[in-house]
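Data first, discussion second: the structure below is written as structure tokens.
The values are calculated or read from the model by the stated rules, or taken from the named source; none is laboratory data. Being a predicted model, the structure only gives us computed values, none of them experimental. Heads up, the Cβs are rebuilt from the backbone with ideal geometry, glycines too, and the neighbour counts pull from every protein chain shown.
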Amino acid sequence: MGLGARGRRIEGKTEGKRGSVNIVSARQSASGASIRISRLEKRFGAVSAVDGVDIDIAAGEFIALLGPSGSGKTTILMSVAGFEFPTSGTIHVDSEDLTYVPSNRRNLGMVFQNYTLFPHMSILDNVAFPLKMRGLRTAERHARAEAALATVRLAGYGHRRPNELSGGQQQRVALARAIVYQPRVLLMDEPLSALDKNLREDMQLEIKRLHAELGITVIFVTHDQSEALTMADRIAVLRDGKIQQIGPARQLYERPANLFTAGFIGEMNFVDVRVESVGDDVAVALPWGETWRLPATAAVEPAVAGEAAVLAVRPERLQLGVSPAGQVIAVTLSDVVYAGAALLLIGHLPDGTEMRARIPGASQLSSLVPGDVASFTIPTEAMLLYRGKRR
Amino acid sequence: MTEAGRSHFWHSDGRRLSGLSTLLLLLPFFTIIAFVFVYPILQLLVISILEPHPTLDNYARVVENPVHMRVLMRTLWTAMLVTALSVVLGFPVAYYMSRAKGTVAALVAVCVILPLWSSVLVRTAAWSFLFQRNGLINSALMSLGLTSQPFKLLYTQSAVVIAMTHVLLPFMILPIYGALRSIPNDYGRAAAVLGATRLRTFLEVILPLSLPGVVSGSLLVFLTALGFFITPALLGSPQEMMISTLVSKQIREVLDWPFAAALVGVLTVFVTLLAIIFSKMLRFDRLMGNAS
Amino acid sequence: MKPPTDRGSLALGAYVYAVLAFIIVPLVIVIPMSFSQNDYLAFPPSGFTLKWYSEYFDSRQWRAATWLSVQVALLTALFASVIGTAATYAMIRGHSRLVTAFQIALIGPIIVPHIALAVGLYLFFQTIGLSGTIPGFVLAHTVLTLPFVVFTMAAALGKVDANLEAAAMSCGATRFQAFRLVTLPLVLPSLASSALFAFIISFDEPVVSFFLSGVRQKTLPRRMFEDIEQNLTPVIPAIATLLIMLSILILLGAHVLRSRSVTR
Ligand SMILES: Nc1ncnc2c1ncn2[C@@H]1O[C@H](COP(=O)(O)OP(=O)(O)OP(=O)(O)O)[C@@H](O)[C@H]1O
Ligand SMILES: [Mg+2]
């Protein structure tokens with residue numbers, strides 16, 4: 001399997017030399033490649049870091065890998081980049097099998113967490129480095145590197161040394177270096193986690209803009225869910241090396257596929273219930289003796305009569321007061337927190353289960369004090385039912 | 001002395017010691033360095049130019065006598081050879097060590113550090129066993145049928161070079177290891193993903209960043225090799241002396257003190273000059289930090 | 001498809017283990033030789049005997065040399081660690097403008113060839129009658145070991161927050177009490193390991209000992225030198241084995257101290 005199988009590129013000066021990498025033409029508008037990760041497994045001794053992961057990424061898509069620490073995000077990315085060879089499974093980029101191709105011949109762009117600008121080279125030489133590796137002439141190299149620096153709005157910084165730039169600027173240089181040879185895939189492992197919050201938001205926009213401009217396929221690793229939700233077309237939620245759910249942000253947030261995702265993405269209230277019967281609707285018994293009838297669509301996972309289940313509802317879906325549009329609960333408030341845009345109410349259901357509500361624009365309700373018993377309505381369509389017990 | 005300076009001298013301000021205590025604590029250190037290090041060496045230098053009468057004759061004897069010049073050149077050449085060999089042998093070990101983990105890393109570290117803290121005499125003696133007519137190397141060569149006659153290995157300059165490389169290798173490995181350890185793994189990965197082959201990653205990224213370690217190790221090995229005594233004295237040939245063995249001969253057999261002092265002067269001044277020129281690049285603390 | 005075999009890494013590994021063998025084999029080879037029954041040091045060693053060890057332990061000369069070296073090394077360890085620690089502490093916590101002088105005094109004994117110092121001291125000690133005496137050896141070895149003590153102690157003391165002593169003094173401690181009760185316990189493992197290193201450097205030191213030893217007062221390295229130079233008896237592998245064991249013990253001790261240390 002040779003690189004020649006892939007089209008759309010012009011050759012660098014050292015065409016045909018072993019180990020040289022070809023680059024996509026500047027004239028041809030670069031665009032993303034599709035990526036297919038199939039049945040990927042990686043074990044480190046007894047630890048299964050990645051455990052049967054399948055992801056299909058469309059050309060030009062922006063996908064985020066999201067999961068708690070140790071869930072295998074980095075390992076997946078390292079396998080795509082070629083720094084780890086998987087125990088089993090394959091990685092295809094545009095139908096070319098790259099599973100065991102050395103990283104320097106994959107022609108992927110990558111941005112690391114800690115910038116990794118080479119400290120002994122100027123900014124321009126850093127950005128020109130991949131072009132040098134591809135055998136381009138100095139003049140051409142510098143022209144392209146300058147252009148790439150301009151795309152990340154750092155034109156004129158070329159002569160500086162990495163340690164003369166701020167963290168955000170360094171990460172932008174790293175970005176320029178990763179795209180200067182117009183790779184069709186850009187890999188990023190928590191690229192913003194070393195930056196402070198404001199810079200992080202700037203960089204998020206910068207990356208989004210570049211993605212839109214270049215049409216490059218992006219795999220973005222993060223453990224910051226709001227980053228994933230705002231940036232990615234689709235998000236893959238990982239846990240213990242397994243994919244929990246892949247989907248667009250809205251789907252993940254509004255209809256998490258399982259209890260883990262429900263708890264991991266955003267805030268969620270959970271109540272343990274027991275399924276009494278399943279028919280046109282689902283009847284569940286609540287801990288304090290009530291029985292509610294939920295629409296069959298509330299059951300994300302098939303409900304089975306007689307089994308334990310968990311009822312989930314987002315705090316911002318609770319409505320203060322009694323309304324016929326849903327089920328009514330009585331909550332003994334323990335905390336009333338003014339949180340700017342919304343009022344956060346924390347309290348307990350009759351059985352002691354904690355319940356949170358976020359009531360927007362509700363500062364006029366500040367008459368509520370801890371100890372009050374408040375009634376909330378849970379709209380029928382806001383309720384989700386999962387199998388199992390809450391942790 | 002200013003008013004403030006005066007009061008610091010007598011009183012401590014909580015975080016800092018008073019000047020008086022500082023002085024008292026430093027006194028033994030500087031006294032012993034002055035009397036047991038600086039004075040004896042200065043005395044030698046003085047002898048080399050004042051005895052038998054104020055003259056540079058002793059130095060002229062070093063430079064003008066071709067036999068002595070050859071000794072100087074041999075010393076220089078041997079030190080360079082040992083340094084070059086140490087880089088070639090030591091760099092890959094340091095690189096491997098810096099990337100190894102767990103048991104392997106511990107094993108390699110023991111192999112490098114144990115010799116450093118074992119007697120030079122033991123290591124030199126071991127080489128004289130290996131180099132003997134009926135030693136391990138000759139028996140191995142003969143049983144492999146590579147030679148029918150044992151080689152003369154002991155008391156040759158090759159024996160000196162090999163054994164000195166062996167003794168000084170840890171001084172090369174540890175500084176390089178220190179420099180390599182401070183290069184994050186991601187640099188190599190970044191270079192690779194940007195299209196660099198392993199060789200180019202090494203040449204363009206790893207090597208330039210580890211150069212301070214290489215320079216520091218090379219200086220350490222080179223400077224130590226120049227004055228090395230034990231190994232040349234025990235493994236070298238009397239016909240191929242090094243400067244240290246020549247000094248020893250002058251003192252123990254010829255009893256020519258002024259000339260010996262001039263030889264020591266040449267060696268000391270040369271080494272000191274090099275150390276001053278490259279003082280920025282010598283990192284001794286690294287050696288100790290890794291050894292302990 | 002199979003992961004490709006990584007020839008580069010294999011080659012590097014092979015090279016590295018070959019070099020490690022070059023480093024370690026000459027060191028361990030003396031161990032089997034020390035048990036060999038051959039009277040001449042041929043290879044491979046044959047049989048098993050402890051006679052070389054008993055020859056070493058029974059010899060009055062070897063015992064005297066060893067005892068001299070032990071005394072010198074113990075005193076050197078004591079001197080160097082106390083003087084070195086005091087100086088390091090003064091440099092780190094004091095008002096001193098002697099930084100440059102201090103650094104030169106540290107680097108000097110490492111850089112200046114031992115043969116130069118040995119010859120200089122030989123001359124100097126002869127005139128003041130210290131040649132071949134325990135104080136002479138101890139003074140010389142203290143100079144050689146001070147830099148190692150200082151590097152170790154500087155690393156350790158540098159990690160102790162100066163505010164700890166200030167805090168102790170604000171509780172009413174004198175400066176000395178603050179040092180003794182706060183700083184010293186924190187750096188004690190490093191102090192002990194620097195003493196260990198000073199001991200082994202002195203115990204194994206060959207060059208200065210070579211020139212300072214008199215006809216009767218010979219350190220162990222000097223005796224070994226003569227033996228290797230003149231007749232290379234099989235006692236040498238036995239002594240070498242013992243010395244390697246000593247080095248291992250010292251390194252183990254330092255390792256244990258280091259893992260105990262708070263200021264690692
Ligand atoms: N080289 C390695 N050797 C042994 N185990 C490893 C190695 N690399 C990763 N692991 C293990 O594999 C699992 C997944 O690690 P990975 O780094 O992929 O997680 P992650 O999702 O990136 O976590 P984080 O958010 O902390 O970066 C972890 O349990 C980790 O300990
Ligand atoms: Mg990670």
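Looking only at residues of segment A:73-94 that are within 8 Å of another protein chain (Cβ to nearest Cβ) and closer than 22 Å to residue A:59 by Cβ, we find that the one that is farthest from ligand 1 (Cβ to nearest atom) is A:90.
For segment A:34-47, the set of residues classified as aliphatic (A, V, I, L, M) and within 16 Å of ligand 2 (Cβ to nearest atom) consists of A:40, A:47, listed by residue number. Just to check your reading of the model, which residue among C:209, C:202, C:194 is within 22 Å of residue C:152 (Cβ to Cβ) and within 11 Å of chain B (Cβ to nearest Cβ)? After applying the criteria, what remains is C:194.
Looking across segment A:167-189 at every residue that is polar (S, T, N, Q) and within 12 Å of residue A:111 (Cβ to Cβ), the one that is nearest to ligand 2 (Cβ to nearest atom) is identified as A:171. Counting only residues that are part of a strand (DSSP E or B) and either more than 12 Å from ligand 1 (Cβ to nearest atom) or farther than 16 Å from residue A:77 by Cβ (or both), segment A:215-241 holds 7 of them. Considering only segment C:22-44, I want to know if a residue exists there that is under 16 Å from residue C:224 (Cα atoms) and among the acidic types (Asp, Glu). No. Which one of the conditions (1) among the hydroxyl-bearing types (Ser, Thr, Tyr); (2) modelled with pLDDT of 95 or more; (3) within 16 Å of ligand 1 (Cβ to nearest atom) does residue A:122 fail to meet, given that it meets all the rest? Tallying (1) among the hydroxyl-bearing types (Ser, Thr, Tyr); (2) modelled with pLDDT of 95 or more; (3) within 16 Å of ligand 1 (Cβ to nearest atom), residue A:122 fails exactly one: (3). Scanning segment A:186-195 for residues that are within 16 Å of ligand 1 (Cβ to nearest atom) and in contact (Cβ under 8 Å) with a residue 60 or more places away in the chain gives A:187, A:188, A:189, A:190, A:191, A:193, A:194. Do we find that residue B:62 is crowded, with 18+ Cβ neighbours inside 10 Å and in a helix (DSSP H, G or I) in this structure? For residue B:62, the condition - crowded, with 18+ Cβ neighbours inside 10 Å and in a helix (DSSP H, G or I) - is met.
Restricting B:263, B:267 to those that are at the interface with another protein chain (Cβ under 7 Å from one of its Cβ atoms), assigned to a helix (DSSP H, G or I) and not acidic (Asp, Glu) reduces the list to B:267. Please work out which residue is farthest from residue A:292 (Cα to Cα), limiting yourself to segment A:318-363 and to residues that are exposed (fewer than 15 other Cβ atoms within 10 Å of the Cβ) and of a type in the set (S, T, N, Q). The qualifying residue farthest from residue A:292 (Cα to Cα) is A:363.
Considering segment C:212-264, the residues that are surrounded by 14 or more Cβ atoms within 10 Å (Cβ to Cβ), of a type in the set (Ser, Thr, Tyr) and under 23 Å from residue C:189 (Cβ atoms) include one that is nearest to the other protein chains (Cβ to nearest Cβ), namely C:247. Residue count for segment A:190-214, restricted to those that are under 27 Å from residue A:104 (Cα atoms) and part of a loop (DSSP other than H, G, I, E, B): 5. Taking residues in segment A:196-224 that are in the same structural domain as residue A:65 (by TED's automatic domain parsing) and touching a residue at least 40 places away in the same chain (Cβ under 8 Å), and partners anywhere that are among the hydroxyl-bearing types (Ser, Thr, Tyr) and within 16 Å of ligand 2 (Cβ to nearest atom), the pairs with Cβ atoms closer than 7 Å and at least 6 places apart or on different chains are A:221/A:74; A:223/A:69.
Just one of the listed residues (B:107, B:44) is within 13 Å of chain C (Cβ to nearest Cβ) and touching a helix residue (DSSP H, G or I) at 6+ places or on another chain (Cβ under 6 Å), namely B:44. Of a type outside the set (D, E, K, R), more than 16 Å from ligand 2 (Cβ to nearest atom) and at pLDDT below 95: is that true of residue A:192 in this structure? No, not satisfied. Within segment A:300-314, residues that are touching a residue at least 12 places away in the same chain (Cβ under 8 Å) reach partners that are of a type in the set (Ser, Thr, Tyr) with beta carbons closer than 7 Å, at six or more positions or on different chains, in the pairs A:300/A:386; A:301/A:386; A:305/A:277; A:309/A:386; A:310/A:386; A:312/A:386.
Every residue, every condition in (1) within 13 Å of ligand 2 (Cβ to nearest atom); (2) part of a loop (DSSP other than H, G, I, E, B), yes or no:
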| residue | (1), (2) |
| --- | --- |
| A:49 | yes, no |
| A:65 | yes, no |
| A:69 | yes, yes |
| A:75 | yes, no |
| A:80 | no, no |
| A:91 | no, no |
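Per this entry, residue C:39 is counted among residues that are at negative phi and touching a residue at least 60 places away in the same chain (Cβ under 8 Å). I'm trying to understand the selection: among the residues of segment C:1-47, which are among the aromatic types (Phe, Trp, Tyr), surrounded by fewer than 19 Cβ atoms within 10 Å (Cβ to Cβ) and under 19 Å from residue B:159 (Cα atoms)? Within segment C:1-47, C:22 is the sole residue that qualifies. Any idea which residue in segment A:40-63 is nearest to ligand 1 (Cβ to nearest atom), counting only those that are more than 15 Å from residue A:78 (Cβ to Cβ) and without any contact (Cβ under 8 Å) to a residue 12 or more places away in the chain? Among them, the one singled out is A:45. Meeting the requirement of 1 or more residues that are within 27 Å of the chain's Cα centre (by Cα), the helices (runs of 4 or more DSSP H) wholly within segment B:118-233 are B:120-131, B:136-143, B:157-181, B:207-226.
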